[in-house]
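K.L.:
Below are the structure tokens for one structure; questions will follow.
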Amino acid sequence: MKKLLKANEKVIGVDIGGTKMMATVYNRDFEVLGTCRKKSKGKATKAGSTEARIIAILRDALKAAGDPEIHGIGVGSPGPLDPNTGVIIDTPNLGWKNFPLAEVLGKEFGVPVVVDNDVNVGTYGEWCFGDISDCKDVVGIFPGTGIGGGLIVNGKMVHGFSGAAGEVGHMTVMLDGPYCGCGKRGCLEAVASRIAIAKEIAALAAREDAPYILENCGTDLANIRSGVIAKAIKAGEKMVEGVVRQAAYYIGVASGNLINILSPEAVVIGGGLVEAMPELFMEEINRGIVDHAMPFLRKKVRILPAKLGDNAGVLGAAQMIAERLHPGK
């Protein structure tokens, strides 16, 4: 990671998610000066209240840092969005449609703002600050409530013609499979996201094939989180383990296809599911890659779990605004 900022410059990295929002203030060495993390609201959230919540989180992070002067804001947001204009095209969970997030934050704080897809930003954070900083070609896959992806080719984040390249979660991996939130059948997200996993596990609990889940969560999908799934597997619930293994294998299938197409040096897998069950996920993902990537193309490719956890997004966003402030440095 190159030092791009001047000695007195400070930036904020912001990670906006469907379940949480986080903002962190950094100095030129990317040392944390202050941070704030709060839960996001659900689908009923209106754009105005979401905007106010983000501004409040930014101000709380600045307060924690001692209210320094800042020089830029980098934001990772669920998409689709236009990274050139910072307009959020459509994010139902946050109530945004054609919402000019970069413009709103720029006017509020009086500094330049860069906005990119949240998983692009997380992948960029892992590339700049994690264990893959020596690679030029990287695929990032982050299974969570949905499944997002980020593509770095020859040291550059790939946005494609539309600006929204990297929608790994909407690769078709099961013809005539279950419906996805996008309206298609058989997307990776429809069979391997936390919601997809929770639906299958809830069905097991309903017919009393997952007693740990039934006792601790019932059949409410909102309660069947990554941590409790891991505890159920540790408690010996083999059917729950089978559901997770199958989902992880599908991520391996998608990873194998991406290796065949892009020939990356590294595939980094992040998100809460992987953090909660790293060995299980990586075992099945590697199995899927072996089964579906061409041997020559998968040779020497590093397949590894993300290192930075929740900090990947805020670090990646902060790095992006640092590069925007000092292009070509």
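None of the figures in this text is laboratory data; all of them are computed from the coordinates on show. From a predicted model like this one, the values you see are computed outputs, not experimental measurements. Virtual Cβ from ideal backbone geometry, glycine too; neighbours counted across all protein chains shown.
K.L.:
Compare the Cα positions of G227, V139, T85 along the charge dipole of the chain (+1 at Cβ of Lys, Arg; -1 at Cβ of Asp, Glu; about the Cα centre) and return the one farthest towards the positive end.
P.N.:
T85
K.L.:
At 0.36 nm per residue, minus the direct Cα-Cα distance, what do N27 and R207 gain on full extension? Give it in nm, one decimal, please. Let's see the in-between values first.
P.N.:
Details: separation 180, 0.36 × 180 = 64.80 nm, distance 5.35 nm.
Contour length minus the Cα-Cα distance gives 59.5 nm.
K.L.:
Restricting things to alpha carbons, find the Rg to Rh ratio for region 111-246 using the Kirkwood radius for Rh. Could you put the intermediate results ahead of the total?
P.N.:
Details: Rg = 17.7 Å, Rh = 16.6 Å.
Result: Rg/Rh = 1.06.
K.L.:
A follow-up question, please. Grab the DSSP H runs of the chain that are 4 residues or longer, score each as -39,500 (n - 2.57), total them, divide by all residues and round the 222 nm result to the nearest 500 deg cm²/dmol.
P.N.:
On the way: 12 runs with 136 residues, N = 329.
After summing the helix terms and dividing by the residues of the chain, the value is -12500 deg cm²/dmol.
K.L.:
Could I ask something else about it? Relative contact order for the chain: what percent, with Cα pairs under 8 Å and sequence separation of 6 or more?
P.N.:
19
K.L.:
Also, quick follow-up: State to the nearest 20 debye the size of the charge dipole of the chain about its Cα centre, where the only charges are +1 on K and R beta carbons and -1 on D and E beta carbons.
P.N.:
On the way: 37 positive and 36 negative charges, 70 e Å.
Once rounded to the nearest 20, the dipole reads 340 debye.
K.L.:
Assign unit charges at the C-beta atoms only (+1 for Lys and Arg, -1 for Asp and Glu), then state the dipole size of region 112-218 relative to its Cα centre in Debye, rounded to the nearest 20. Kindly include the intermediate steps, with their values, before the conclusion.
P.N.:
Working: 7 positive and 13 negative charges, 62 e Å.
Rounded to the nearest 20 debye, it is 300 debye.
K.L.:
How many angstrom lie between the Cα centre of region 196-219 and the Cα centre of region 89-160?
P.N.:
33
K.L.:
Just grab the label-to-label distance for K199 and A7, each label 7 Å out from Cα along the Cβ direction, in nm (one decimal).
P.N.:
For K199 paired with A7, the spin-label model returns 5.8 nm.
K.L.:
Have a look at V168, I201, P295 and report the one farthest towards the positive end of the charge dipole of region 131-305, computed about the Cα centre with Cβ charges (Lys/Arg +1, Asp/Glu -1).
P.N.:
P295
K.L.:
Using a 10 Å cut-off on Cβ atoms, rank the peptides 13-22, 270-279 from the highest mean neighbour count down.
P.N.:
Highest mean packing first, the order is 13-22, 270-279.
K.L.:
Note down the magnitude of the dipole of region 131-305 about its Cα centre, charges +1 on Lys and Arg C-beta and -1 on Asp and Glu C-beta and zero elsewhere, to the nearest 20 debye.
P.N.:
Values: 17 positive and 19 negative charges, 69 e Å.
Roughly 340 debye for region 131-305.
K.L.:
Want the number for K238 to M294: 0.36 nm per residue separation, take away the alpha-carbon distance, what's left? Intermediate values should be presented prior to the final figure.
P.N.:
Working: separation 56, 0.36 × 56 = 20.16 nm, distance 3.13 nm.
My answer for the length gained is 17.0 nm.
K.L.:
How long is the gain from E215 to K307 if the chain were fully straight, where each residue apart is worth 0.36 nm and the alpha carbon distance is subtracted?
P.N.:
Here the answer is 29.9 nm.
K.L.:
In addition: Work out the charge dipole of the chain with +1 on the Cβ of Lys and Arg and -1 on the Cβ of Asp and Glu about the Cα centre, then indicate which of N27, G110, L58 is farthest towards its positive end.
P.N.:
Sorting the options by dipole projection puts first G110.
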